[in-house]
Structure formats: structure tokens, C-alpha cells
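Have a look at the structure below, then the notes.
Every read-out reported here was derived from the displayed coordinates using simple, explicitly stated rules and does not represent laboratory data. Just so we're clear, the structure is a prediction, and the values are computed from it rather than from any experiment. Reconstructed Cβ throughout: ideal geometry from the backbone, glycine too, with neighbour counts over all protein chains shown.
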Amino acid sequence: MISRKNILATGVAAAIVATVAIPSAALALPGVRLGVARSAASTGTVVQALRQRVATALENRVVLALQRRKARFDAAAGRIDQRITKVSGLADKVAATGGDVSAARASLAQARSYLSQAQSTESQAVAAFKAVPSATNKRQAFISARETGHQAGQQLRQARSSLLAAIKQLRTAVAQARASSSSGGQ
Amino acid sequence: MASRVAKLTLAVALVLVAAYAAGCGRRATMGTSTSPSAETSQSVVASQSTSASGAATTPSAGASTSSRGTLSASDAAAIDAQLSAIENQLNTTDMPSDSDFDSIGDGLQ
């Protein structure tokens with residue numbers, strides 16, 4: 001005789017078998033498998049679209065940052081360049097009166113050299129920043145580009161320092177020329 | 001008759017030769033009147049650029065050795081004032097900094 005206990009045990013066992021077997025069987029069916037594949041493919045597309053969006057956003061950031069940087073760098077470099085020319089003209093005037101402007105001219109040449117280096121390094125930095133969005137290791141590419149940009153800024157500062165030194169030296173030359181003019185006139 | 005024709009032909013030929021010679025002469029005069037001025041302006045430009053570059057790179061070249069005048073007090077003051085102005089402009093020049101690239105770094109996070 002089948003006891004009530006046995007019936008209950010059989011029922012529980014059947015339930016367990018159904019819980020495990022039905023989903024496995026469903027997965028084994030070709031149509032169900034296709035559905036899973038489809039959903040995986042659409043997830044991949046979404047991920048790819050998101051990646052593309054992030055890359056475009058980064059490219060836009062680079063473009064905007066470089067535009068602002070260019071305006072700032074070119075303004076400073078242009079100003080230094082113009083002042084080098086102006087101080088050079090003043091050095092000519094002082095030299096014409098017999099002043100010794102050799103030190104000032106050496107500093108002016110140094111300033112020109114630093115300015116030229118700065119412009120060249122800045123071009124390299126711009127190229128490096130433009131390559132960041134497509135780099136495999138974007139973080140590393142950014143750090144490297146920023147270092148190049150830092151060097152360009154340093155060289156521009158050195159150009160300005162050399163020009164300021166030239167101004168100081170020219171002042172000394174003016175004072176000396178003035179002193180010798182005064183003593184010669186007496 | 002034949003000699004009259006020959007004389008006439010010769011006269012026409014002479015007139016043509018004279019006209020041609022006059023034309024050439026005028027062209028030659030024009031050439032000599034324009035080219036020297038062009039040469040002069042070129043040489044002025046050349047000498048200016050030479051003196052400018054000479055002043056920039058070679059300390060001993062240029063005005064310092066060519067003429068030795070005197071520096072008046074007013075000239076010295078004017079030069080000093082200009083130098084001060086330039087110094088001021090340089091000290092207040094907005095220089096590029098590393099923070100120019102911060103927004104790119106922020107986009108990487």
C-alpha cells in the first residue's frame with residue numbers, strides 16, 4: 001500500500017526535478033539559445049556605442065582644451081617675441097653711443113633660442129594630446145603629453161627670464177654709457 | 001622714275017629706322033631710370049635686415065663699432081622708461097600653465 005508519506009516524497013522529488021530540468025531543457029532548445037545570443041549581441045552594441053560616446057567626448061575635450069591653450073601660449077609667445085625685438089632695437093641705440101651691450105645681446109639671443117624651443121615643444125605637446133583619445137593606454141598617453149606641455153611652458157618662462165635679464169644688462173649699459181658721456185663732456 | 005622710287009623707299013626706310021631707334025632709346029632711358037631705384041630699395045632692405053640680424057646675434061657687429069656718439073640724459077631716461085614699461089608688460093604676461101590640460105585629465109576618469 002502506498003502510504004501518504006511516500007506520496008508526499010514523490011511529489012517533492014517531482015517538483016525538484018521540474019525546477020531543475022525545465023529551464024535546462026529550455027536553454028537546450030535552439031530558439032531559446034538564439035534569444036540569449038540576441039540579447040548578448042545587443043548588449044555588445046550598447047557597450048560599443050557607449051565607448052564611442054566616451055571617445056567622442058574625450059576628443060571634444062582635447063579640442064577645446066587645446067584651443068584655449070593655443071590662445072594662451074601664442075599670446076604669451078607673441079608678446080615675448082615683440083619685446084625681444086624692441087629691446088634689441090634699444091640695445092642698438094645704446095651701442096651707437098658707445099655703450100657695451102654685449103651681455104644684453106647674449107641674453108637676447110638666449111631668449112630667442114628658448115622661445116624657438118618652446119614653440120617647437122608646444123607643437124609636439126599638441127600632437128601628443130591629439131593622440132590621447134586613440135591611445136591604448138590613455139592615462140599614460142595623457143601623462144606623457146602633459147609633461148611635454150609642461151616643458152613648453154618652462155621654456156617659455158626661460159625665454160621671459162632671459163629677456164628680463166637682457167633688460168637689466170641694458171640698463172647697466174645705459175648707466176655706463178651715460179657716465180662715460182658725462183665724463184667725456186666735462 | 002626708278003630712281004625716284006628708290007629715293008622714296010630709302011627715305012621711308014630711314015624714317016622707320018629713326019623711329020625704331022627713338023623707341024629703343026626711350027625704353028633704355030626708362031630702364032635706367034627705374035632699375036637703380038629698385039636696386040637702391042633692395043639694398044636698403046638688405047642692409048636693414050643685415051643690421052637687424054647682426055644686432056641680434058653678433059655683439060660686436062653694427063652700430064656699437066661704427067659710430068661712437070654720446071648718450072644724453074634725456075635719451076638715457078627715455079630708454080630707461082621704455083625698458084621699465086617692457087619689464088612691466090613681461091611681468092604681467094599671462095603664461096600658459098599645466099592646468100590648461102586639466103579638463104582633458106578629468107575626461108579620462
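Computed quantities for the displayed model
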item	result
Spherically averaged projected area of region A:80-186 from its Cα convex hull (nm²)	6.7 nm²
Two-site label geometry, B:ASP106 and B:ALA11: point separation in nm, points 7 Å out along Cα→Cβ	9.9 nm
Length gained when the stretch A:SER116-A:LYS70 is fully extended (0.36 nm per residue, less Cα-Cα span)	15.0 nm
Relative contact order for region A:66-179, counting Cα pairs under 8 Å that sit 6 or more residues apart, in percent	38 percent
FRET efficiency estimate (nearest 0.05) - Cβ-Cβ, A:ASN6 to A:ASN137, R0 41 angstrom	0.05
For region A:140-152, Karplus couplings with θ = phi - 60° (6.51, -1.76, 1.60), whole Hz, Gly/Pro x	5, 4, 5, 4, 5, 5, 5, 5, 5, x, 4, 4, 4
Computed lengthening from A:ASN60 to A:ALA40, 0.36 nm per intervening residue step minus Cα-Cα distance	4.2 nm
